Structure formats: C-alpha cells, structure tokens
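Undergrad: The following block contains the structure, expressed as structure tokens.
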Amino acid sequence: MPASTVSDGLVVLGAKDLTKSFGGIRAVDHLDLTLARGELRCLIGPNGAGKSTLFGLLSGLHRPDAGHIVFKDEDITNLKPFQRVRRGLCQKFQTTRIYRALTVAQNLVIADRTPRSSRRKNGRLSWALSTLGLDSEGEVPAGELSHSHQQWLEICLALATEPDLLLLDEPTAGMTPEETELTAQFVVNLNRQGLTVLVVEHDMAFVRYIAQRITVLHYGRIFTEGSLGEIESNHEVRRIYLGER
Amino acid sequence: MAREYTGFWRVLNGPQEIGRGPVFWCLFAFVALGLLGYPFFGSVFALSNLANFCLYIPMGLGLALLWGYNGVLSFGQGAFFAIAGYVYGIIAGNLLDIPGGTLLAAVGGIAASAAIAAAFGYFVFYGQVSNWIIPLLLLVLSLILETFMAQTAGYQWRVGSVLLGGYNGMTNVPSLEIGSANFGGASIAFYYLVVALMLITYLGLRLLVNSHYGHVVVGIRDDVERTRMLGYNVALIQIQVFVVAAALAGLSGILYVSWGNYINPSSMGLLAATLPVIWTAVGGRSSLLAVLLSTVTLRWLADTLAVRGGEYAFLVMGILLLVTMLFFPAGIVVTLARRWLHQKSMYRDLKQNGAP
C-alpha cells in the first residue's frame with residue numbers, strides 16, 4: 001500500500017554540514033539533511049553507515065564536532081536532549097528503553113504530564129494505545145510484555161511527549177512479519193495525523209510498506225535520496241546495501 | 001490509561017511502597033497509637049532509648065529515597081548528619097540567651113547540610129559522574145571532614161564562644177527549645193518530637209514517592225537515558241533528591257545532638273558512613289517501611305550488643321549485611337513481604353478459579 005504524505009513543504013528540521021568522529025572513525029561526515037513538516041522519511045544504509053550516530057546527533061545524545069541543527073527555525077545544536085524533547089523532538093531508541101520493573105500504567109504516568117504535554121492534548125496517545133492493544137495491559141509489568149509490545153510501548157512513551165518530529169530507530173527489530181506490517185500501518189497513520197517521522201530501518205518489507213522518500217547513508221554521508229522506485233532501481237544502492245553484484 | 005496520581009489517599013496508598021490497603025493502615029494506626037501511649041507506662045530510660053533509636057529514621061528514610069528510589073548509593077549520609085549537628089552546636093552555643101536560638105540553629109544546621117549537598121550534587125550530577133563513583137566520592141568527603149574535625153582541638157579552634165573540640169568532640173551543646181518546652185534527651189517532649197518527626201517523614205516521603213514526581217524519580221533509577229528523552233532535566237531532579245536526603249540526615253543529626261548534647265568527628269567516620277547503608281540494605285532499599293523497621297531494629301540490636309561489651313555489634317552488622325547481600329538482595333523485609341503478597345494473590349486466584 002503506498003502511503004500518502006501530508007507534508008506542506010515547510011522545513012521542520014535542517015541539519016547542515018554535520019560531522020562526528022569517534023576516535024579515528026568518522027561516523028557522520030559533513031552531512032546535510034532536510035525534513036519537511038509532515039514528511040515520513042526512511043533512512044537506510046549498511047551497518048556502520050552512521051544512521052544511529054545521526055539519530056544521536058539529532059536527539060542531542062552526541063555533540064557534533066562540526067555543523068548545525070535547526071529545528072522549527074531554532075538552532076538546537078547546543079541544546080541538551082531534554083531541552084530538545086521539550087521543543088518537540090523525541091526518539092525511540094534502537095534497543096528498547098522502557099521502565100521494565102514498572103507497570104505499563106506507571107510507565108505512562110512518567111511519560112505523561114511532561115512539561116510539554118501538560119500544555120495540550122491531542123488524543124494521539126490514547127489512539128496509539130488502543131490501536132496497538134496496550135490499553136488493556138495497564139497493570140502488566142512492562143518487562144513482562146511481549147517483545148513487540150515493549151517496542152510499541154516505547155513508541156507510546158515518545159508520543160506522550162507530544163512530539164512534532166518523531167525519530168524511530170529500528171522500530172520493528174525482532175518482530176514477526178505480521179507485527180512488522182502492523183507497525184508500518186501504525187506509523188503511516190501517525191504520519192497521516194500530521195506527525196513528521198524519520199525512521200531508521202533495516203527491514204525492507206517495512207521500508208517498502210511505508211516509504212515516501214528514502215535517504216541512503218553510506219560512510220557517514222548521504223549517498224542518494226529518492227522515491228522507493230528510484231532507490232530500488234538504483235544499481236549502486238543495490239550493490240552497497242542490498243548486496244547485489 | 002495513564003492513571004493520574006492526584007487524590008491524596010490514592011497517592012498515599014500508591015504502588016511505590018509495600019505496605020498498602022486497610023490491614024496495613026489499621027496496623028499502622030495501632031503502632032502509632034502505641035508509640036503515643038508508651039510514655040504512660042514506659043520508664044524514662046526506655047523512652048530515652050527508644051527516642052534514640054527512632055531519631056535515625058529520617059536519615060535512613062532519606063537514604064532509601066536516594067538509593068532505593070533514585071538509584072544513587074551514598075556513603076555521605078553520616079557526614080550530612082554530622083555537619084548539621086556541628087553547625088547546630090555552633091549556632092545554638094552562640095545564641096544561648098536569645099529566645100528561639102536553638103530553633104534558628106536547627107534551621108541553620110539543616111540548611112548547611114542541604115547547601116553542601118547541593119554544591120556537591122551540582123558538580124556530580126551535572127558532570128554525569130558514574131553512579132558507582134558517587135558513593136566513593138562521598139566516602140572521601142566524609143573522611144576528609146572527619147580528619148579535619150579531629151584536628152580542631154585547642155582554643156584557637158573556636159567559633160564565637162563555641163569550641164570545636166577536636167577528637168573529643170563538641171560538648172555541652174544545648175538541647176532544642178521551643179517556647180518553654182525543652183527537648184532534652186531524657187524528656188517526654190523529646191520522645192514525642194521524635195515520634196512526630198518520624199511519622200511526618202514517613203508519610204511525607206510516601207506521598208512524594210507515589211506522586212508524579214516520585215514516579216519520575218524512580219524512572220531515573222530504572223533508565224536515565226529514557227527519562228532524559230521524555231523531557232526531564234534528570235540532573236536537576238537528582239540534585240533535588242540528594243538535597244532532600246541530606247536534609248533528612250541533617251534532621252537526624254540535630255535530633256542526635258539535642259538528645260545527647262554532644263557530637264564528635266566519629267559521627268562522620270567510616271563506621272558512621274556505613275551504618276545507614278546497612279540499615280537500608282538489610283530492610284530493603286526499595287521500601288520506606290522496610291527501612292524504617294530495619295533502622296529501629298538494627299539500632300536496638302547494636303545497642304543491646306554494645307551493652308554486653310566488646311565489638312560484637314560491628315561484627316553482627318557485618319554478618320547481617322553479608323547474609324542480606326547473598327540471600328536477600330532486595331532486603332529481608334521486602335523479600336518476605338513480596339513472598340507473602342505473592343502467596344496471598346495465589347490463594348485468591350485459587351479461591352476464584354478452583355484447584356487447577
């Protein structure tokens with residue numbers, strides 16, 4: 001199912017000349033990235049291409065060695081992660097990070113009523129909880145949820161902060177094909193409600209399901225950008241990422 | 001679905017504490033009434049001893065909040081206890097003739113502990129120092145303070161009219177006085193003050209840990225990065241919790257000097273730094289009730305053993321800590337309570353669903 005975009009073309013995030021090295025390895029190398037409001041973008045690339053480092057730079061977990069990040073017309077390069085969340089930028093981590101010892105309801109108590117979400121409620125969270133079947137698991141300790149439900153709970157925690165841009169780092173890792181499709185449907189519906197989403201994903205089934213526009217990363221740089229058809233027919237992308245000769 | 005933890009009763013009876021429900025609160029009321037009625041039949045000696053055991057409860061509960069609920073172990077509670085005690089002694093000794101002087105001294109003592117904790121916390125938490133280094137830094141702080149205070153003998157070490165006293169300690173510290181009431185160690189007034197402060201601290205911290213703020217505190221313990229990524233200023237919250245724990249240790253310190261009119265540098269020494277950790281670990285750091293019970297029990301046990309002579313008390317405390325770490329990592333009271341709650345729920349399920 002091809003997804004439709006609700007983007008109005010206004011830039012919500014602009015990263016310019018971003019660079020980050022770890023020791024002698026340049027994980028992100030003079031990278032430029034622009035996201036339009038309401039866009040749903042997939043970020044793909046082989047292991048070590050710099051996808052997770054780029055996410056770390058956008059969410060503030062890493063400080064860039066050079067470059068700037070502008071979010072909603074504000075330079076957020078020097079802001080701490082919590083300050084970026086309060087401005088509407090939230091991330092779901094690659095390895096699931098939820099409060100395992102606490103119940104689902106307690107997880108949501110922590111995520112809810114954060115400084116941002118107390119200001120406005122758009123009902124997105126309750127819609128997400130019921131769509132993903134988490135609304136009946138309030139008293140279950142989060143660590144006892146199935147793998148997919150743990151991943152979904154983390155997305156819901158991020159949604160509780162009322163983000164304008166959601167970063168999803170491999171949201172379907174370890175999921176069955178059915179769960180992957182459900183997650184893809186969910187992400188598409190989230191985007192249709194106006195939320196800008198940037199997804200890193202290895203699962204090409206997921207990427208094919210949701211992709212509007214795909215950015216391919218290679219050696220810390222943007223290798224190419226384009227529609228699903230353009231990317232899949234690009235011989236060089238097939239060689240570096242899909243492993244074809 | 002996110003439950004709003006706002007109603008007073010709902011927050012007080014919230015999920016971050018093992019003692020909940022009507023049976024617990026009946027027992028709680030029974031014990032509280034027993035403590036209030038104890039002066040009518042207990043001897044002055046017994047009252048004074050019980051007050052001494054209970055005055056350590058705010059320090060224990062503060063460490064439970066800091067370590068059990070926020071995940072930061074501290075070997076510095078003894079230091080904050082002693083800082084408040086010394087500052088109280090200095091201010092109260094200089095304001096002997098002023099009405100309300102001891103009350104001002106109490107506020108000053110607690111403020112001193114809180115201020116030092118805030119300064120220490122600022123560097124440690126904003127610097128994102130690893131959780132396992134913090135207790136070591138605090139132990140070093142305690143030992144430096146002990147070493148410093150131990151060499152303050154002689155008349156040159158005085159603040160106003162109060163001598164610091166070196167290793168022999170500060171003597172003749174006046175007891176707290178509020179109006180005409182004197183809270184000396186052997187007085188019924190002191191006993192009631194300690195019981196009141198113990199109950200207020202316990203109930204106050206119960207409200208805190210079960211509030212929305214308390215959930216965030218627990219969230220920081222369980223996953224710092226996730227909590228940051230939900231928009232919370234984690235370092236600021238950690239400092240706040242650290243300051244509350246230090247202030248509570250300071251409160252215990254002030255009660256201690258008011259009780260014994262004396263404080264010396266060993267109150268910030270190695271043993272004093274370790275004991276609160278043992279009380280908290282043995283009861284179970286994730287429950288305020290468990291720490292309250294273990295603090296009183298272990299204080300009583302140490303006192304009873306000390307009366308019999310020798311250094312058995314320290315040996316027994318050490319063995320207790322080892323046994324707890326090996327067999328009850330969550331703490332003795334917490335483990336037993338969980339087991340009981342588990343059996344109760346199994347029994348209830350069995351009654352509802354019949355035998356499997």
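Undergrad: Can you tell me which of B:VAL243, B:VAL107, B:VAL307 moves the most in a GNM of chain B? Springs connect C-alpha atoms under 10 Å apart.
TA: Among B:VAL243, B:VAL107, B:VAL307, the largest mean-square fluctuation in the Gaussian network model of chain B belongs to B:VAL307.
Undergrad: Another question, if that's okay. Quick one: what are the phi-derived ³J(HN,Hα) couplings along segment B:107-115, Karplus 6.51/-1.76/1.60 with θ = phi - 60°, whole Hz, x for glycine and proline?
TA: Once θ is set to phi - 60°, the couplings for segment B:107-115 become 4, x, x, 5, 5, 5, 4, 5, 5 Hz.
Undergrad: Is there a quick way to get the dipole size of chain B? I mean about its Cα centre, with the Cβ of Lys and Arg at +1 and of Asp and Glu at -1; what is the value in debye to the nearest 20?
TA: 900
Undergrad: Ok, one more. Relative to the longest principal axis of chain B, what angle (0 to 90°, nearest 10) does the C-alpha long axis of helix B:332-353 take?
TA: Compared with the principal axis, the helix lies near 20 degrees.
Undergrad: Ok, one more. Give the shape of segment B:8-267 as rounded, prolate or oblate, defined through the alpha-carbon gyration tensor: a ≥ b ≥ c are the square roots of its eigenvalues, a/c under 1.5 means rounded, and otherwise the shape is prolate if a/b is larger than b/c and oblate if not.
TA: oblate
Undergrad: According to the Kirkwood expression over distinct Cα-Cα pairs, how big is the hydrodynamic radius of chain A, in Å? Walk me through the numbers before you get to the answer.
TA: Values: mean 1/r = 0.0546 Å⁻¹.
After inverting the mean inverse Cα-Cα distance, the result is 18.3 Å.
Undergrad: Would you please put A:155-161, B:80-86 in order of how densely packed they are, using the mean number of other Cβ atoms within 10 angstrom per residue and starting with the highest?
TA: B:80-86, A:155-161
Undergrad: Could you point to the residue in B:LEU326, B:SER180, B:ALA117 farthest towards the positive end of the protein assembly as shown's charge dipole, with +1 and -1 charges on the Cβ of Lys/Arg and Asp/Glu respectively?
TA: The residue sitting most towards the positive pole is B:SER180.
Undergrad: Just want to confirm a number: the relative contact order over chain B, from Cα pairs under 8 angstrom separated by 6+ residues, in percent.
TA: Relative contact order comes out at 29 percent.
Undergrad: Let me ask you something else. Report, in whole Å, the centroid distance computed from the Cα atoms of segment B:12-72 and segment A:66-93.
TA: Here the two parts' Cα centres lie 46 Å apart.
Undergrad: Quick one: helix B:270-283 against the long Cα principal axis of chain B, what's the angle to the nearest 10°, folded into 0 to 90?
TA: Once rounded, one gets 20 degrees.
Undergrad: Explain nothing, just the number: dipole magnitude of segment A:11-240 about its Cα centre with +1 on each Lys and Arg Cβ and -1 on each Asp and Glu Cβ, in debye rounded to the nearest 20.
TA: For segment A:11-240, the charge dipole is close to 780 debye.
Undergrad: Another question about this same structure. Report the calculated FRET efficiency for A:SER227 and B:ASN94 (r = Cβ-Cβ distance, R0 = 51 Å), to the nearest 0.05. Spell out each step's value before the answer.
TA: Working: r = 80 Å, r/R0 = 1.56.
Computed FRET efficiency for A:SER227 and B:ASN94 comes out at 0.05.
Undergrad: Then there is this: If the cut-off is a Cα-Cα distance under 30 Å, which lysines reach A:LYS20, setting aside same-chain residues fewer than 8 apart in sequence?
TA: A:LYS51, A:LYS72, A:LYS80, A:LYS92
Undergrad: In whole Hz and in residue order, list the ³J(HN,Hα) couplings for segment B:56-62 that follow from phi through the Karplus curve 6.51 cos²θ - 1.76 cosθ + 1.60, θ = phi - 60°; x for Gly and Pro.
TA: My calculation for segment B:56-62 gives 7, 4, x, 5, x, 5, x Hz in order.
Undergrad: Could you tell me the relative contact order of segment A:11-240? Use alpha-carbon pairs under 8 Å, at least six residues apart, and round to a whole percent.
TA: 28
Undergrad: Go through segment A:136-144 residue by residue and turn each phi into a ³J(HN,Hα) via Karplus (6.51, -1.76, 1.60, θ = phi - 60°); whole Hz please, and just put x for glycine and proline.
TA: Along segment A:136-144, the couplings run 9, 10, x, 8, 7, x, 4, x, 9 Hz.
Undergrad: Only bridges whose two residues both fall in the protein assembly as shown count here: according to DSSP, what percent of them are antiparallel, nearest 5?
TA: Of the beta bridges lying entirely in the protein assembly as shown, close to 65 percent run antiparallel.
Undergrad: Let me ask something additional. Between rounded, prolate and oblate, where does segment B:136-283 land on the alpha carbon gyration tensor, with a ≥ b ≥ c its root eigenvalues, rounded for a/c under 1.5, else prolate if a/b exceeds b/c?
TA: oblate
Undergrad: Per the Kirkwood treatment, what hydrodynamic radius in Å, one decimal, follows for segment B:5-133 from the mean inverse distance over all distinct Cα pairs?
TA: The answer is 18.2 Å.
Undergrad: Let me ask something else about it. Pull up the DSSP beta bridges for chain A and report the antiparallel fraction as a percent, rounded to 5.
TA: So the antiparallel bridges amount to about 55 percent of the total.
Undergrad: While we're looking at this one, here's another question. Using DSSP to call loops (not H, G, I, E or B), can you name the chymotrypsin sites (Phe, Trp or Tyr not before Pro) in segment B:13-69 whose Cβ has at most 13 other Cβ atoms within 10 angstrom? Before the final figure, lay out the partial values.
TA: Details: sites: B:PHE24, B:TRP25, B:PHE28, B:PHE30, B:PHE40, B:PHE41, B:PHE45, B:PHE53, B:TYR56, B:TRP67, B:TYR69; in loops: B:PHE41, B:TYR56.
Here the chymotrypsin sites (Phe, Trp or Tyr not before Pro) that fit, given the DSSP loop and packing criteria, are B:PHE41.
Undergrad: Under 37 °C and 0.692 mPa s, how fast does the protein assembly as shown diffuse according to Stokes-Einstein, given a Kirkwood radius computed over C-alpha pairs? Answer in µm²/s, whole number. List each step's numbers first, then the result.
TA: On the way: Rh = 27.1 Å.
Answer from the Stokes-Einstein relation: 121 µm²/s.
Undergrad: Shifting gears a bit: For B:LYS344, give me every one of the aspartates and glutamates with a C-alpha distance below 18 angstrom, ignoring sequence neighbours fewer than eight places off in its own chain.
TA: Cα-Cα hits under 18 Å: A:GLU139, B:GLU17.
Undergrad: If each residue of separation counts as 0.36 nm, what is the full-extension length gain between B:ASP349 and B:ALA46 once their alpha-carbon separation is subtracted? Write out the running numbers ahead of the final one.
TA: Values: separation 303, 0.36 × 303 = 109.08 nm, distance 4.54 nm.
Net length gain for the segment: 104.5 nm.
Undergrad: How do the peptides B:93-101, B:113-121 rank, highest first, by the average count of neighbouring beta carbon atoms within 10 Å per residue?
TA: Ranking, from highest mean packing down: B:113-121, B:93-101.
Undergrad: Next up: Among the aspartates and glutamates, select those whose C-alpha is under 19 Å from the C-alpha of B:LYS351, and discard any that sit fewer than 8 residues away in the same chain.
TA: In chain and number order, there are no partners.
Undergrad: For chain B, find the longest principal axis of its Cα atoms and tell me its angle to the long axis of helix B:234-260, 0 to 90°, nearest 10.
TA: With rounding to tens, the tilt is 50 degrees.
Undergrad: With contacts defined as alpha carbon pairs under 8 Å and 6 or more residues apart, what's the relative contact order of segment A:1-93 in percent?
TA: Result for segment A:1-93 is 29 percent.
Undergrad: Next up: If you place +1 on the Cβ of every Lys and Arg, -1 on the Cβ of every Asp and Glu, and leave all else neutral, what size is the dipole of the protein assembly as shown about its Cα centre, to the nearest 20 Debye?
TA: Roughly 580 debye, rounded to the nearest 20.
Read-outs: derived from the displayed coordinates by stated rules, not from any lab. This one's a predicted model, so the numbers in the text were calculated from it and none came from an experiment. Here Cβ is always computed from backbone atoms with ideal geometry, including for glycine, and neighbour counts include all displayed protein chains.
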